[in-house]
Amino acid sequence: MTYVIAEPCIDVKDKSCIEECPVDCIYEGGRMLYIQPDECVDCGACEPVCPVEAIYYEDDVPSQWSEFKGYNSDFFDELGSPGGAAKVGPTGKDHPVVLQIQKKPESN
């Protein structure tokens, strides 16, 4: 089991979770952040600091965002498990579905 980042992160990328992660397993895509499932130690440090509540334990991802479990793991198909996001830096890439998601502008 691992933690998953869902749709609320798209176009936000606050990065508070990156600062809290003790194993450096949160990687930066172009539009959102992704948790490398093989590197995550399930500590949960990232979840409470997310300002948009986008991080969930894998079994607790709300049903409307359940596909993000696959999006997070699929993101690493090409990248693999590099052993730390800091040495990789921003990838500039995203899961193909994430690239197509249109976010609604927030109303004031």
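No value in this document is a laboratory result; all are computed from the given coordinates. Owing to the predicted nature of the structure, the values given are computational and were not obtained by experimental measurement. All Cβ positions, even for glycine, are placed from backbone atoms using ideal geometry, and neighbour counts span all protein chains on display.
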- Note on the structure: Percent relative contact order for segment 3-100, counting Cα pairs under 8 Å at least six residues apart, stands at 39 percent
- About its Cα centre, what dipole magnitude does the chain give when the only charges are +1 on Lys and Arg Cβ and -1 on Asp and Glu Cβ, stated in debye to the nearest 20? 420 debye
- Query: In terms of Cα to Cα distance under 24 Å, which lysines are near enough to Lys103, apart from those fewer than 8 places away along the same chain?
  - Reply: Lys13, Lys15, Lys69, Lys93
- Going from the fewest other Cβ atoms within 10 Å to the most, one would list Ile5, Ile101, Ile35 as Ile101, Ile35, Ile5
- Taking every pair of alpha-carbon atoms in segment 1-102, give the share separated by more than 19 Å as a whole percent. 32 percent
